[in-house]
Amino acid sequence: MNIPFIPLAHKQLGESIRCTGFGMAAGIASLAWSLSGSVANAQQPRTMQHEGRSFAVVPAAEMSSVFETSGEEIIVSEFDQNFPLIHGSQIAAGSCSGSQCPGNCGSPTCGGGGLHGGGFFGHRQNSCNDGCATCNPFCYGRVEAVYMQRDGLDNFTRSRSPAMLLDEPNFEAAPRITIGTAPDCVTGYEASFVGPLNFDTNRTAVGRSGQTLLTQRTVIPAAPPVPGLQVDEVFSLYGDPVNPDATLFQRYRTEFWSVEASRTSLAWDIAKLLIGVRYIRLDEQYDLIGADPTAGQSGAIYSKTTNDLIGMQIGGDIFTPVCRSTSAYFRGRGGLYYNNAGSTALVSKDATLLYGIRDNHDGFAAMFEFGGGLQYQISEMFSVHGGGELWYLTKVATAADQIPTIVGDNIGAHGTRASDDIFFAGFNVGATMKY
């Protein structure tokens, strides 16, 4: 008997077994793939600890999304947190973790983050924690001693006697006090006062000629053969020849002080820019007095000026690290001022006034300051410094510039001359307290 269906059944059973095996293999492979991914994900650390701070670990597959910043700042190191590569408004989320900070460092829930002030003078402010950059409002006080010399008076005189040549004034000391505040670590306010600086140089000589560098003009109404004859001669404080007890005294004095108020912009501890108003007071006086008691003769030359300057000033302080705790600094100031200048000039002999003028002049003047030196940071809050300075004051009235060249009959008086320049040179030492 033939049973033809048995081989057919056997063939179908084999195919069923093969299909079932392929399906089980595919399921096992899929399960293994899933389990391997889960295990890998489970083994991938989410955070890492370094020096007490927590940093998020970003998988390599997600790095492209991390750098999608739309042109905003990427901070990759602690150096970049202090000196951003790109000045933007967002701090990278990696600088604090979710367990320490409710939201990213650049989010509103973390104190706003970002750069306040923008650009070079931006400063990060964040109240979240140490993982996010913070701002602590501060005030500061700076006390300095400036030692300056008024330049331009060496060998100055209005006497013909070589013994009356003046020397440069000595260096004079004065305080410079500065106080300021930075409520948001970027913009603030500052006030400063310097002075008064009093410069004085004088000379006394006995038994010297009373002749001066001035010319005295005398008009003789009935002089023959020409009425109204004009005679010019050297102006003498007393007659010559000179008696042994004749005395000459010459003195030149200058006083300077100023006060200023400015708005400041800070760039960490690197630089400070300021703009504000400043008032400067400059007074000068010159005297040349001669007397001959034996002959009962005397004469005097007197000149006094005042300068009241008020205007706008801009400036900056820049610090450059030199070595650990030591920085080199540059200080610069420049301003344009309205100057109300006044002058009084008198020349007399034997109680007779030969020249006299009192006048005021309105104009513009300028003041420039340059300085530099070294600053040593003793602690985070306290530093000391020292360096040199140069001040240049232009278009002001000086006592030397008001003295006439000709005195006597029919001489018109000129007004206040405010076109002179003054240099002050010296150095300073001081200390700064930040609190």
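In the distance distribution for the stretch 315-435, Cα-Cα pairs more than 22 Å apart total 56 percent. The order of CYS139, CYS185 by accessible area, most exposed first and with a 1.4 Å probe, is CYS139, CYS185.
Apply the a/c threshold of 1.5 to the C-alpha gyration tensor of the stretch 190-266 and tell me whether it is rounded, prolate or oblate. Oblate, since a/c reaches 1.5 and b/c is not below a/b. For TYR435, the solvent-accessible surface computed with a 1.4 Å probe is close to 140 Å², ligands and nucleic acids excluded.
When the Cα gyration tensor is reduced to axis lengths a ≥ b ≥ c, the ratio a/c is 1.5 or higher for the stretch 241-344, and with a/b not above b/c it is classed as oblate.
By its C-alpha gyration tensor, with a ≥ b ≥ c as the square roots of the eigenvalues, how is the stretch 295-368 shaped: rounded for a/c under 1.5, else prolate for a/b larger than b/c, else oblate? In terms of gyration-tensor shape, oblate. Exposure check, 1.4 Å probe, all protein chains in place: ARG263 carries approximately 110 Å² of accessible surface. With a Förster radius of 35 Å applied to the C-beta separation of ASP167 and TYR279, the computed FRET efficiency comes to 0.70.
Taking label points 7 Å from Cα along the Cα-to-Cβ direction, ASN155 and THR405 give a separation of 2.0 nm.
The values are calculated or read from the model by the stated rules, or taken from the named source; none is laboratory data. Just so we're clear, the structure is a prediction, and the values are computed from it rather than from any experiment. With ideal geometry, Cβ positions are generated from the backbone for all residues, glycine too; neighbour counts draw on all protein chains shown. Accessible surface is based on the protein model in full, side chains and every heavy atom, while ligands, DNA and RNA are left aside. Shrake-Rupley method; radii C 1.70, N 1.55, O 1.52, S 1.80 Å.
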